[in-house]
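Comments concern the structure below.
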């Protein structure tokens, strides 16, 4: 009787582990699909030089890369960009996104 109970518990745990593994695989597939769509969007929206620069930014600064991709997507949707974004345009976008505000402290 004790062995039957432990076998049921083992079966339940194995089922839970299988479910978790399948769920993780599904999430990974969705993430890869979204990443591929993003890459296709960037490839069609950026010049080869700008794409290369953005790849370098991705390696150096993930946060700035995410902000830049959001800005490019916003520009493409709101303004309906008809031509590819050049490297100079990307440089100006990156400069605006990475500009740090100067904090002035006044002492009285």
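Where does helix 62-79 land angle-wise versus the long Cα axis of the chain, in degrees 0 to 90, nearest 10?
It works out to around 70 degrees.
With a 10 Å radius around each residue's Cβ, average the other Cβ atoms per peptide and rank 38-49, 84-95, 14-25, highest first.
In descending order of packing, they fall as 84-95, 38-49, 14-25.
Nearest 10 degrees is fine. How inclined is helix 48-60 to the longest principal axis of the chain, computing both from alpha carbons?
60 degrees
If you line up the long axis of helix 2-45 against the longest principal axis of the chain, both from Cα atoms, how many degrees apart are they, to the nearest 10?
Helix 2-45 and the main axis of the chain meet at about 20 degrees.
Taking 0.36 nm per intervening residue step and subtracting the Cα-Cα distance, what contour gain separates residue 59 from residue 16 on full extension? Spell out each step's value before the answer.
On the way: separation 43, 0.36 × 43 = 15.48 nm, distance 3.69 nm.
Computed gain between residue 59 and residue 16 is 11.8 nm.
Throughout, read-outs are computed from the coordinates displayed, never taken from laboratory work. What you see is a predicted model, and the numbers here were worked out from it, not measured in a lab. All Cβ positions, glycine included, derive from the backbone under ideal geometry; neighbour counts span all protein chains shown.
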